[in-house]
Amino acid sequence: MIRLEARTEASQKMMLASPLIAALAMLVTGSMLFVFLGQDPFHAFYVYFIKPASTVYGVGELLLKATPLTLCGVGLALGFRANVGNIGADGQLTMGAIAGGCVALYFPDVHAAWLLPLMLLAGALGGMAWAAIPALLRIRYNANEILVSLMLVYVAYLVLSYLVHGPLRDPEGFNFPQSRMFQDAALLPVLVHGLRVNAAFPLALVVVAAAWFFCDRTLAGFRMRVSGIAPAAAAYAGFSERRNVWLSFLISGALAGLAGVGEVAGPIGQLQPSVSTGYGFAAIIVAYVGRLHPLGVLLAALLMSLLYIGGESAQMELQMPSAITGLFQGLLLFYLLAADLFIYYRFKPRLKLAPPAVPVAEPGAPS
Amino acid sequence: MNAEQLIPFLASTASAATPLILAAVGELVTERSGVLNLGLEGMMLIGAVAGFAVTLATGQPGLGLAAAMAAAMGTALIFGVLTLTLQANQVATGLALTLFGIGLSAFVGRGLVGQTVDPLPHLHFPLLSDLPFFGPLLFRFDILVYGSVLLVVAVGWMLAYTRLGLVIRAVGESPFSANAIGYPVIALRYGTVLFGGAMAGLGGAYLSMALTPLWVEGMTAGRGWIALALVVFATWKPRGVLLGAYLFGGVTVLQFHAQGFGIAVPSEVLSMLPYLATIFVLVLICRNPKTILLNRPMSLGQNFRADA
């Protein structure tokens with residue numbers, strides 16, 4: 001028999017190994033699933049996980065999709081560190097896209113360089129404003145921020161749907177529910193000619209570096225971390241919970257809003273009924289798989305991005321269902337949570353000891 | 001507004017409330033034992049797709065409902081193994097369950113889109129169903145509408161008056177004390193998690209087999225999360241779930257009846273109402289921290305290990 005034994009301290013090695021174990025387990029399960037779907041597992045594995053990233057164009061797509069995942073994931077990770085449960089990044093992303101898109105649509109004749117920064121600013125503020133609602137309701141009225149932020153995702157989708165069906169619909173768009181295409185000055189420049197990855201990616205890298213600095217080198221970052229690990233200690237030290245909630249939501253809202261602008265001013269190029277492919281939700285997985293660390297988030301975002309484009313590749317080449325991507329995402333997080341057990345516990349063989357003849361009573365020992 | 005408009009509105013309110021009641025009562029029992037399962041939305045989707053698929057394949061709605069419960073219990077079991085045995089964080093695991101459920105249901109249901117089944121048959125009581133006004137209002141529903149009300153009564157009675165209910169509450173308030181007097185905390189929590197899963201599956205199946213008898217990806221549209229909010233709204237008491245679910249049901253179906261009532265606002269605004277209402281009632285209930293502190297199971301969301 002084996003049994004679980006609590007480690008005296010959390011294992012740093014397992015902390016880093018666990019996402020790798022989870023990714024590996026997901027790949028193995030994935031290959032089994034390919035067999036189940038009647039595919040040659042090796043070929044399907046190649047088409048899904050290797051081929052999409054083996055061309056220059058593929059790498060460009062990988063970085064393109066990793067951008068919103070990184071931006072949202074970094075923001076969520078900061079919040080999760082402080083035990084603040086913002087799961088509404090998809091709504092904040094949508095609101096950011098609306099705000100940034102409105103700027104582009106409001107200045108249709110502007111071709112100056114200030115337009116894009118203004119759009120990014122508007123997007124960040126839009127996401128921030130949307131994230132401020134659950135923060136405010138949590139602080140003022142003690143309302144659960146997980147539920148409120150999630151509800152606001154659906155509201156944001158509906159706001160966008162209303163806008164593209166009504167006020168922002170392209171009058172020359174044959175009644176399609178979408179805005180007019182943004183002018184060139186309102187589109188993020190691509191990094192390499194012929195690829196779709198754009199200036200939002202280096203922006204995401206800057207965000208990763210800034211968040212790393214914020215977490216490890218500033219007092220505010222330290223306060224948030226302590227509040228997450230040891231709430232009682234944080235309260236005793238006088239760290240304000242309100243400030244943590246506000247910081248978590250405003251930062252993650254702003255980053256999700258930036259991601260939203262990155263989508264509409266990038267690959268999409270207009271406002272349409274849906275501007276996110278579930279990036280805000282996938283970012284939850286990205287944050288956990290990235291160990292709530294900005295650098296880890298970047299790596300996890302690349303992995304998650306590979307799942308997205310691998311799914312597309314497998315759909316096109318092997319007619320595999322597109323829903324397989326969502327399945328892999330869920331599996332990845334399950335495996336991670338299971339593997340995380342070994343950070344705090346380890347297996348010990350259960351030793352057969354002869355029971356003592358007389359029960360030994362230890363005075364004062366807690367039972 | 002007249003009776004001819006009011007009766008269909010109230011009748012569809014009851015139908016819209018039913019999946020919320022089923023899922024919320026299941027979650028309520030889970031939470032009373034101290035386990036917070038945020039995977040409700042995922043389990044409902046699994047139930048919806050399983051119920052629909054089996055009904056479509058066999059033509060037997062009874063088998064469909066059983067399959068929905070079994071499938072959702074299966075996913076609840078994953079949650080149980082992860083949080084109860086492997087000590088994973090309940091919030092993170094619940095989120096994982098929701099994301100997994102969205103992915104798995106879309107994967108399983110990819111061939112079912114566009115098909116339809118006969119909705120659950122409506123019962124016909126002799127005489128009663130033919131009464132004017134009260135007939136369509138009270139006596140012409142399918143079995144789960146009545147079943148959900150019975151479930152509320154039964155669970156309320158179970159929690160308040162039976163030994164099992166007492167043990168569930170004891171485990172939820174103080175698992176260490178319950179363990180010390182010899183109650184099997186983990187086994188009991190497995191039981192409540194599975195019960196929560198079965199009810200969520202039933203609630204999901206009601207969506208795909210009765211309310212709109214077809215399968216659409218992500219068709220729960222946040223109802224699992226609304227059901228989670230309902231448990232808070234009900235301050236962890238079954239009868240509160242009933243009241244809350246009927247209020248929400250009314251708000252949800254308002255969008256389909258608004259035109260008849262002469263309400264002229266964009267449809268998107270009406271569709272927002274259930275979500276905004278959820279936020280509103282959460283604020284209303286949680287505003288007073290004492291309400292929550294006095295009613296919330298003390299160990300909610302915290303893992304338990306006998307030797308810890």
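The values are calculated or read from the model by the stated rules, or taken from the named source; none is laboratory data. The model shown is predicted, which means the values in this text are computed figures rather than measured ones. Glycine gets a Cβ as well: all are built from the backbone with ideal geometry, and neighbour counts include every protein chain shown.
Hey, can you tell me all the residues within segment A:134-193 that are more than 14 Å from chain B (Cβ to nearest Cβ) and touching a His at 6+ places or on another chain (Cβ under 8 Å)?
Result: A:183, A:184, A:185.
If I filter segment B:256-272 down to residues being crowded, with 19+ Cβ neighbours inside 10 Å and either modelled with pLDDT under 90 or more than 23 Å from residue A:160 (Cβ to Cβ) (or both), which single residue comes out as nearest to the other protein chains (Cβ to nearest Cβ)?
Checked segment B:256-272; the qualifying residue nearest to the other protein chains (Cβ to nearest Cβ) is B:271.
Out of everything in segment B:90-99 that is touching a residue at least 60 places away in the same chain (Cβ under 8 Å) and at the interface with chain A (Cβ under 9 Å from one of its Cβ atoms), what residue ends up being nearest to residue A:342 (Cα to Cα)?
B:91
Taking helices (runs of 4 or more DSSP H) that fall entirely within segment A:133-242, which contain at least 2 residues that are under 20 Å from the mean Cα position of the chain (by Cα)?
A:145-165, A:200-217, A:219-229
Could you count how many residues in segment A:266-298 are crowded, with 24+ Cβ neighbours inside 10 Å and part of a loop (DSSP other than H, G, I, E, B)?
4
For segment A:16-24, does any single residue satisfy the condition of being surrounded by 21 or more Cβ atoms within 10 Å (Cβ to Cβ) and either more than 20 Å from residue A:283 (Cβ to Cβ) or not polar (S, T, N, Q) (or both)?
Yes.
Could you list all residues from segment B:191-215 that are among the hydroxyl-bearing types (Ser, Thr, Tyr) and surrounded by fewer than 20 Cβ atoms within 10 Å (Cβ to Cβ)?
Scanning segment B:191-215 gives a single hit, B:212.
Mind telling me which of the residues A:303, A:333 ends up being crowded, with 18+ Cβ neighbours inside 10 Å, within 9 Å of chain B (Cβ to nearest Cβ) and either under 29 Å from residue B:303 (Cβ atoms) or at pLDDT below 90 (or both)?
It is A:333.
When you scan segment B:248-296, how many residues do you find that are of a type outside the set (Val, Ile, Thr), more than 26 Å from residue A:135 (Cα to Cα), assigned to a helix (DSSP H, G or I) and touching a helix residue (DSSP H, G or I) at 6+ places or on another chain (Cβ under 8 Å)?
10
List the number of the failed condition for residue B:129; all other conditions in (1) small (Gly, Ala, Ser); (2) out of contact with any Gly (no Cβ under 6 Å at 6 or more places or on another chain); (3) more than 14 Å from every other protein chain (Cβ to nearest Cβ); (4) assigned to a helix (DSSP H, G or I) hold.
In the conditions (1) small (Gly, Ala, Ser); (2) out of contact with any Gly (no Cβ under 6 Å at 6 or more places or on another chain); (3) more than 14 Å from every other protein chain (Cβ to nearest Cβ); (4) assigned to a helix (DSSP H, G or I), residue B:129 misses (2) alone.
Do we find that residue A:84 is assigned to a helix (DSSP H, G or I), among the aliphatic types (A, V, I, L, M) and either in contact with a Phe, Trp or Tyr (Cβ under 9 Å, 6 or more places away or on another chain) or within 23 Å of residue A:332 (Cα to Cα) (or both) in this structure?
no
I need a count of the residues in segment B:54-79 that are over 18 Å from the mean Cα position of the chain (by Cα), of a type in the set (Gly, Ala, Ser) and either within 14 Å of chain A (Cβ to nearest Cβ) or not in a helix (DSSP H, G or I) (or both).
Number satisfying all stated conditions: 1.
Residue under question is residue A:245, and the condition is that it be closer than 21 Å to residue A:66 by Cα, modelled with pLDDT of 90 or more, part of a helix (DSSP H, G or I) and not aromatic (Phe, Trp, Tyr); does it hold?
Criteria not met by residue A:245.
Determine which member of the set B:303, B:295 is more than 8 Å from chain A (Cβ to nearest Cβ), loosely packed, with under 15 Cβ neighbours inside 10 Å and of a type in the set (S, T, N, Q).
Result of the check over B:303, B:295: B:295.
Six or more apart or on different chains, Cβ atoms under 7 Å: show the pairs whose first residue is in segment A:290-316 and free of Cβ contacts under 8 Å to residues at least 60 places away in the same chain and whose second is in a helix (DSSP H, G or I).
Partner pairs satisfying both residue conditions: A:307/A:325; A:307/A:328; A:307/A:329.
Which members of segment A:1-25 meet the condition of being among the polar types (S, T, N, Q) and away from chain B (no Cβ under 12 Å)?
A:8, A:11, A:12
Anything in segment A:248-272 that is more than 18 Å from the chain's Cα centre (by Cα) and small (Gly, Ala, Ser)? List them, or say none.
If the condition is that a residue be more than 18 Å from the chain's Cα centre (by Cα) and small (Gly, Ala, Ser), then A:265, A:266, A:269 are the ones that fit.
With the condition kept exactly as written, say whether any residue in segment B:28-49 is without any contact (Cβ under 8 Å) to a residue 40 or more places away in the chain and away from every other protein chain (no Cβ under 14 Å).
Within segment B:28-49, not a single residue is without any contact (Cβ under 8 Å) to a residue 40 or more places away in the chain and away from every other protein chain (no Cβ under 14 Å).
Applying the selection to segment B:223-244, what residues are touching a residue at least 60 places away in the same chain (Cβ under 8 Å), under 15 Å from residue B:150 (Cα atoms) and either within 14 Å of chain A (Cβ to nearest Cβ) or part of a helix (DSSP H, G or I) (or both)?
Those that are touching a residue at least 60 places away in the same chain (Cβ under 8 Å), under 15 Å from residue B:150 (Cα atoms) and either within 14 Å of chain A (Cβ to nearest Cβ) or part of a helix (DSSP H, G or I) (or both): B:238, B:239, B:241, B:242.
Which residues, counting only those in segment B:33-63, are crowded, with 24+ Cβ neighbours inside 10 Å and of a type outside the set (A, V, I, L, M)?
B:33, B:34, B:37, B:39, B:41, B:42, B:47, B:51, B:52, B:55, listed by residue number.
If a residue must be surrounded by 19 or more Cβ atoms within 10 Å (Cβ to Cβ), part of a helix (DSSP H, G or I) and facing chain A (nearest Cβ under 9 Å), how many such residues does segment B:80-89 contain?
2
Checking the structure you have, find out if any residue of segment B:235-255 is surrounded by fewer than 19 Cβ atoms within 10 Å (Cβ to Cβ), within 19 Å of residue A:148 (Cα to Cα), at pLDDT 90 or above and among the polar types (S, T, N, Q).
The answer is yes, given that some residue of segment B:235-255 is surrounded by fewer than 19 Cβ atoms within 10 Å (Cβ to Cβ), within 19 Å of residue A:148 (Cα to Cα), at pLDDT 90 or above and among the polar types (S, T, N, Q).
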